[in-house]
Every structure is written in C-alpha cells, then in structure tokens.
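Structure record follows, encoded as structure tokens.
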Amino acid sequence: MVNVDTTSALESFRRFLINSTCASYIPESYLYDPEVFPEKDGETGSIYIEAADKVTLKKERDITFINVRDVLGIIYKSKSGSTNLKWRQIRGRGGKVTGEASTNSLVNLITAKVIDQDYAVELANIENVDNDSNNEVEEIESN
C-alpha cells in the first residue's frame, strides 16, 4: 500500500469510484452524468458522498446511485479494506485526494486520471525505499 496525496478533479475521482465498484453494471445514462455518484455502506467497503444536496435515484446490488450538487467531500473504503481514500473540495470541482491505496486501486486511479503514471511510479519507488529501509533494520536487529 502507498500513501496518496495529490489534487484531482471531482469528475476524475467519480470515475475512480465507478471503476472500483460498479463499472460492469452502472446504467449508461448515469455513467456519463457528472452529477450521479455511487454510494455504498456496509461491512464490505463503503462510499460516502458529502454534498449540499443529495437525491437517491436507484439501488442496484450493493450500490445506491445518487444525484448530487455541490460535493464537499467523498470517503472511499475498498471491499478488502486495503484502500482508504478521501477527496476534499478545495475550490469548485477541484479537490485533494489523500489516504492509502492498494496496487489495484493505483491502477484504477491512473485509469480515471486521478493520478498520472509518473506519480504512481514515484509512489511505488518511495514504497520500495521504505521497504528496503525496513529490511535493512530487520537484518541489523537479527545480527
């Protein structure tokens, strides 16, 4: 897992949510509507949308599709629990994404253009350096 700390457009983060949870069954009209978001609660992952105005459109499987206006924040926890991300509005439809992401979530973040491939490589390199440092400490402690 890697720590993510970057800026992102709301639409990009919406695409990430869809790719990560309901891409195979979201109704096509919802897919292209920038005001429709998936929301989910439960023990197997969750998505919470904090917005000035929310209207429930349709529930399909474990996802509730909602129409929102003025999104202030989004909290996403993956089904496995290995990804915990937050999007917070900075200005307009731009915001900041922070939290921990799994390798699979990194792929979805790149696909949705929340992060670019260079940033993902940078995150992976930072993670590898941290792991190498931890391995060195473990080797020293075992000697």
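Does the stretch 108-121 contain any residue that is more than 24 Å from Y32 (Cβ to Cβ), among the polar types (S, T, N, Q), under 11 Å from the mean Cα position of the chain (by Cα) and modelled with pLDDT under 95? No: zero hits.
When restricted to residues that are out of contact with any helix residue (DSSP H, G or I) (no Cβ under 7 Å at 6 or more places or on another chain) and either under 13 Å from S105 (Cα atoms) or hydrophobic (A, V, I, L, M, F, W, C) (or both), the stretch 5-17 contains 5. Taken as a whole, the structure leaves R69 outside the set of residues that are assigned to a strand (DSSP E or B) and closer than 16 Å to N3 by Cβ. Is it fair to say I90 is over 21 Å from A120 (Cβ atoms), touching an Asp or Glu at 6+ places or on another chain (Cβ under 6 Å) and either of a type outside the set (D, E) or modelled with pLDDT of 95 or more (or both)? Taking the combined requirement at face value, the residue does not satisfy it. Listed conditions (1) surrounded by 14 or more Cβ atoms within 10 Å (Cβ to Cβ); (2) assigned to a strand (DSSP E or B) are all met by V55, apart from (1). Assess whether I74 counts as being among the hydrophobic types (A, V, I, L, M, F, W, C) and assigned to a strand (DSSP E or B). It is true that I74 is among the hydrophobic types (A, V, I, L, M, F, W, C) and assigned to a strand (DSSP E or B). Could you say whether any residue in the stretch 71-90 is among the charged types (D, E, K, R) and surrounded by fewer than 13 Cβ atoms within 10 Å (Cβ to Cβ)? No; the residues of the stretch 71-90 include none that is among the charged types (D, E, K, R) and surrounded by fewer than 13 Cβ atoms within 10 Å (Cβ to Cβ).
Report yes if some residue within the stretch 31-43 is touching a residue at least 40 places away in the same chain (Cβ under 8 Å) and assigned to a strand (DSSP E or B); otherwise report no. There is no residue in the stretch 31-43 that is touching a residue at least 40 places away in the same chain (Cβ under 8 Å) and assigned to a strand (DSSP E or B).
The values are calculated or read from the model by the stated rules, or taken from the named source; none is laboratory data. Because the structure is a prediction, the values reported are computed rather than measured. All Cβ positions, glycine included, derive from the backbone under ideal geometry; neighbour counts span all protein chains shown.
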